[in-house]
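The values are calculated or read from the model by the stated rules, or taken from the named source; none is laboratory data. In this text the structure is predicted, and so the values were computed from the model without any measurement. So basically every Cβ, Gly included, is an ideal-geometry build from the backbone, and we count neighbours across all protein chains shown.
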Amino acid sequence: MALCVVLYSLNLNIYPVYSSTDYAITWSDASGTVLSSGPQLNSSFENSTSIYYQALNGNINILDTIEIEAYPLPEIFLGADTIVCSSSSVILDAGIHDTYLWSDNSTTQTLTPDLSAVGIYNYSVSVSNQYACASEDDINIEVQDCAELSEMNADDIIFYPNPFRDVVYSNVNLEDYEIAVYDAFGRRKEITQLNNHAFRLDGKSTVYYIKQNNIIYPLFSIE
């Protein structure tokens, strides 16, 4: 698990007759193992723990404890890079977190990008949780003019995003194609068509298969 470490820093008032170089300084963990010697500690931590500081100079012995708290990083996945038709409606969902900052400076959980113009666009978001730990992700969306596509073949038909959460989009008019969706056990699943280019698929399977004629398209779901 990825962690975000919060260090509660230590402020020392060393006896003014000596400089810090006059002290033998050690940093130890709870088992007594010395992690580092010298004025700085450079170490990584996988769990919350205590670090023990000692500065020794003759009869002067300075002791203190540093508490380190390790918190999980927020998990975020905007989906794989994808291709859509111009004027498609795509909702990018960053999931539930405490704060959001998208590449357009918006601060909501979701972003509906303007996909009216042909081109390749990158959208990114940074999120943080209640511990102020931050993660970020981005996605590239290529916008095509689907009106210019004539005879479609297997490589031209696209279902996206893949992986998906609950709504699946296509670059073709679904009214023109007969499709069926099956789960990993071969059971046909019901879909709710939202418009000519999108349908909703509810279920708990991690992989689905879209069948169009004799062509199979694998589709992966995320929670």
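Annotations for the structure displayed:
- Of all residues in the range 197-215, exactly one satisfies the criterion of being exposed (fewer than 12 other Cβ atoms within 10 Å of the Cβ) and either at pLDDT 80 or above or in contact with a Phe, Trp or Tyr (Cβ under 9 Å, 6 or more places away or on another chain) (or both), namely N213.
- Residue within the range 109-121 that is part of a loop (DSSP other than H, G, I, E, B), without any contact (Cβ under 8 Å) to a residue 40 or more places away in the chain, under 17 Å from the mean Cα position of the chain (by Cα) and within 17 Å of F164 (Cα to Cα) present: yes
- Only one of the numbered conditions (1) farther than 30 Å from P74 by Cα; (2) of a type in the set (S, T, Y); (3) modelled with pLDDT of 75 or more is not met by S20, and that is (3).
- Residue count for the range 63-99, restricted to those that are of a type in the set (A, V, I, L, M), in contact (Cβ under 8 Å) with a residue 24 or more places away in the chain and in a loop (DSSP other than H, G, I, E, B): 7
- Candidate set from the range 63-88 (those that are polar (S, T, N, Q) and modelled with pLDDT of 85 or more); member that is surrounded by the fewest Cβ atoms within 10 Å (Cβ to Cβ): T65
- Within the range 122-136, the set of residues being buried (at least 18 other Cβ atoms within 10 Å of the Cβ), assigned to a strand (DSSP E or B) and touching a residue at least 60 places away in the same chain (Cβ under 8 Å) comprises just one member, S135.
- Some residue of the range 48-62 being under 30 Å from P161 (Cβ atoms), crowded, with 16+ Cβ neighbours inside 10 Å, touching a residue at least 24 places away in the same chain (Cβ under 8 Å) and hydrophobic (A, V, I, L, M, F, W, C): no
- The residues of the range 19-40 that are assigned to a loop (DSSP other than H, G, I, E, B) and in contact (Cβ under 8 Å) with a residue 24 or more places away in the chain amount to a single one, Y23.
- Boolean, I139 is within 26 Å of F199 (Cα to Cα) and either out of contact with any helix residue (DSSP H, G or I) (no Cβ under 8 Å at 6 or more places or on another chain) or assigned to a strand (DSSP E or B) (or both): yes
- On the stretch given as the range 62-76, residues that are within 22 Å of the chain's Cα centre (by Cα) and of a type in the set (A, V, I, L, M) total 3.
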